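Visitor: Can you read through this structure? Questions will come right after.
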2 protein chains.
Amino acid sequence: MKRTVFFISDGTGITAEALGDSLLAQFEEIEFEKITLPYINTHEKALEAVQSITAAGVNDGLRPILIDTIVNDEIRQILNTCDTLKIDIFSTFIKPLEHEFATKSSYSVGKSHAIVESDRYKDRINSINFALDNDDGARTKQYNEADIILLGVSRCGKTPTCLYMALQFGIRAANYPLTEDDLENNGLPACLEPYKDKLYGLTIDPFQLTAIRHERRPNSRYSSLNQCDTEIRFVERLFASQKISFINTTTFSIEEISTRIMAAKGLQRSLNH
Amino acid sequence: MKRTVFFISDGTGITAEALGDSLLAQFEEIEFEKITLPYINTHEKALEAVQSITAAGVNDGLRPILIDTIVNDEIRQILNTCDTLKIDIFSTFIKPLEHEFATKSSYSVGKSHAIVESDRYKDRINSINFALDNDDGARTKQYNEADIILLGVSRCGKTPTCLYMALQFGIRAANYPLTEDDLENNGLPACLEPYKDKLYGLTIDPFQLTAIRHERRPNSRYSSLNQCDTEIRFVERLFASQKISFINTTTFSIEEISTRIMAAKGLQRSLNH
């Protein structure tokens, strides 16, 4: 049984997708076809959306699900002409909030965004630049400015995690790759000593690591299971001896790795707002 | 009037934040203090959350707002003991979906994630590596594998946009910086000619560009308003003469720039799901 789901927004559609995905994940046995229609912000686009929705309903023989964050009332009414199950975020939740705050909502998407966005934008850009400048141990001079410094062997997930923290939360995240040289010395690299409170370790299942490394350098010593296994043992011993908290990234998404580390280190998620 | 808002989740909290932020943005005149409590997945953590919520209510003299994506019923009931206005996403929307699908939801967070995540993870990692390898014109040999190639002057937003597309949607996005040399030639750089259908331009207000560049290289020719203005004129003329669609990034968030470009180029957002 296939069901078509439309995520519809007069903005990016990212909120509708995030909410919709968490709801639909609760229905494992159903196959969903998911279609995002962002920037439905004119009469014409709304009518086009109605056509797509209607066509999907005819095609499936079952009415589509519509998950929307449309704020504009005219657009909403056009979409309401379709036969769908509506998960209507604004009309459901704005009323109780208006009542609670004893005020009317501005009810016009993006209106108040401009100023906040400009600050947020700058912070995020600076954090992304910081992550890129301080990726893979390229530089260690800026570690005093870092919110966090991730440690781990090559290809364990450091760079994506740093970039996600920067983009989503404006966190200044550096990362330092633990190489064989570091691991043989058995102590912490000297450049990290002054920043022990900023360190957080990543580890990963050796089988997954070997698979990831094979994609980059097939059939090399670097990607061999033996090498991966040795490095992971070393690195986990180092984390233990230096009392560095760490997370095993094997089964986690980038979002989970990032937010778990931030929670563990007490890093604020201020930029999200 | 300050109101405290809690975003509570047994997972990352990102969905609750996204939904909550779009709702609260509709109430411009109210000052919100926003607190995210992720991974509230045990009895003990739920009781700690109750303490924080209760304390905020006493402190504000007004009950807090609770926006949650808690799925576990026991945890939910513990949180329900607080006096709050609840924006309860699952209990509101799961029921109508269960009725529509004539089935019970699995109602246990993250259960079905593992397999999908592993594919998604690999795609995202590969896309991030692609973005990093093909950042700032560093390489042009892989352009045949690109989903999109962004063009623009230095510091107009190319890199953050490419990284966001990779992280959020698994898009392979390269970017090419248009330098003075390119602009003086007045034509398209030769390495871009074969990929005209993948090109998309970025432009930006010269005043904003000069401000951004000043942070990187203060009081340089590079960051002068005159230089920024000249480059932007050139680049917009190039986009026009080569019939390359473009977006002005000045007032948009990274999410908006990315999703608008993807919509314009018809790029699928499959990875989001």
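Visitor: I'm checking my understanding of the structure. Among residues of region A:104-117 that are in a helix (DSSP H, G or I) and surrounded by 14 or more Cβ atoms within 10 Å (Cβ to Cβ), which one is modelled with the highest pLDDT? Walk me through how you get there before you give the answer.
Guide: Of all residues in region A:104-117, those in a helix (DSSP H, G or I) come to A:113-117.
Right, trim to surrounded by 14 or more Cβ atoms within 10 Å (Cβ to Cβ) and you get A:113, A:117.
Values: A:113: 41, A:117: 55.
Restricting to residues being in a helix (DSSP H, G or I) and surrounded by 14 or more Cβ atoms within 10 Å (Cβ to Cβ), the top hit is A:117.
Visitor: Report whether or not residue B:146 is modelled with pLDDT under 90 and under 24 Å from residue B:204 (Cβ atoms). Before the answer, list the steps.
Guide: Details: modelled with pLDDT under 90: no; under 24 Å from residue B:204 (Cβ atoms): yes.
Taking the combined requirement at face value, the residue does not satisfy it.
Visitor: Here's another thing I want to ask about it. Which residue, of B:187, B:157, B:137, B:152, is surrounded by fewer than 22 Cβ atoms within 10 Å (Cβ to Cβ), touching a strand residue (DSSP E or B) at 6+ places or on another chain (Cβ under 7 Å) and either away from chain A (no Cβ under 14 Å) or within 24 Å of residue A:129 (Cα to Cα) (or both)? Walk me through how you get there before you give the answer.
Guide: Working: B:187 fails: touching a strand residue (DSSP E or B) at 6+ places or on another chain (Cβ under 7 Å); B:157 fails: surrounded by fewer than 22 Cβ atoms within 10 Å (Cβ to Cβ); B:152 fails: surrounded by fewer than 22 Cβ atoms within 10 Å (Cβ to Cβ).
Exactly one residue qualifies, and that residue is B:137.
Visitor: A further question follows. Go through (1) closer than 13 Å to residue A:156 by Cβ; (2) surrounded by fewer than 19 Cβ atoms within 10 Å (Cβ to Cβ); (3) among the charged types (D, E, K, R) for residue A:233 and report which single condition fails.
Guide: All conditions are met except number (1).
Visitor: Looking only at region A:1-21, count every residue that is at the interface with chain B (Cβ under 9 Å from one of its Cβ atoms), more than 25 Å from residue B:257 (Cβ to Cβ) and among the polar types (S, T, N, Q) and tell me the total.
Guide: Number satisfying all stated conditions: 0.
Visitor: Still on this model: Name every residue in region A:40-61 that is in contact with a helix residue (DSSP H, G or I) (Cβ under 6 Å, 6 or more places away or on another chain) and closer than 21 Å to residue B:265 by Cβ, in order of residue number.
Guide: A:40
Visitor: Sticking with this structure for a sec: Quick check: is even one residue across region A:204-223 crowded, with 19+ Cβ neighbours inside 10 Å, without any contact (Cβ under 8 Å) to a residue 24 or more places away in the chain and not β-branched (Val, Ile, Thr)?
Guide: Within region A:204-223, one or more residues are crowded, with 19+ Cβ neighbours inside 10 Å, without any contact (Cβ under 8 Å) to a residue 24 or more places away in the chain and not β-branched (Val, Ile, Thr).
Visitor: So residue A:174 passes all but one of these: (1) surrounded by fewer than 17 Cβ atoms within 10 Å (Cβ to Cβ); (2) modelled with pLDDT of 95 or more. Which condition number does it fail?
Guide: (1)
Visitor: From the list B:239, B:246, B:169, which one is within 30 Å of residue A:16 (Cα to Cα) and either touching a strand residue (DSSP E or B) at 6+ places or on another chain (Cβ under 6 Å) or not assigned by the TED database to the domain that holds residue B:149 (or both)?
Guide: On the way: B:239 fails: within 30 Å of residue A:16 (Cα to Cα); B:169 fails: either touching a strand residue (DSSP E or B) at 6+ places or on another chain (Cβ under 6 Å) or not assigned by the TED database to the domain that holds residue B:149 (or both).
Of B:239, B:246, B:169, the one residue that is within 30 Å of residue A:16 (Cα to Cα) and either touching a strand residue (DSSP E or B) at 6+ places or on another chain (Cβ under 6 Å) or not assigned by the TED database to the domain that holds residue B:149 (or both) is B:246.
Visitor: Which numbered condition in (1) at pLDDT below 95; (2) surrounded by fewer than 21 Cβ atoms within 10 Å (Cβ to Cβ); (3) not assigned by the TED database to the domain that holds residue B:169 is the only one that residue B:126 fails?
Guide: If we test residue B:126 against (1) at pLDDT below 95; (2) surrounded by fewer than 21 Cβ atoms within 10 Å (Cβ to Cβ); (3) not assigned by the TED database to the domain that holds residue B:169, just (3) comes out false.
Visitor: Yes or no: residue B:253 among the small types (Gly, Ala, Ser), under 30 Å from residue A:35 (Cα atoms), crowded, with 18+ Cβ neighbours inside 10 Å and at pLDDT below 95?
Guide: On the way: among the small types (Gly, Ala, Ser): yes; under 30 Å from residue A:35 (Cα atoms): yes; crowded, with 18+ Cβ neighbours inside 10 Å: yes; at pLDDT below 95: yes.
It is true that residue B:253 is among the small types (Gly, Ala, Ser), under 30 Å from residue A:35 (Cα atoms), crowded, with 18+ Cβ neighbours inside 10 Å and at pLDDT below 95.
Visitor: Filter region A:22-52 down to residues that are facing chain B (nearest Cβ under 9 Å) and of a type in the set (Asp, Glu) and give me whichever is farthest from residue B:68 (Cα to Cα).
Guide: A:29
Visitor: Then there is this: Of the residues A:32, A:101, A:93, which single one is surrounded by fewer than 18 Cβ atoms within 10 Å (Cβ to Cβ), aromatic (Phe, Trp, Tyr) and under 24 Å from residue B:9 (Cβ atoms)? Give the derivation first.
Guide: Details: A:101 fails: surrounded by fewer than 18 Cβ atoms within 10 Å (Cβ to Cβ); A:93 fails: surrounded by fewer than 18 Cβ atoms within 10 Å (Cβ to Cβ).
It is A:32.
The values are calculated or read from the model by the stated rules, or taken from the named source; none is laboratory data. Quick caveat: nothing in here was measured; it's all calculated off a predicted structure. Glycine gets a Cβ as well: all are built from the backbone with ideal geometry, and neighbour counts include every protein chain shown.
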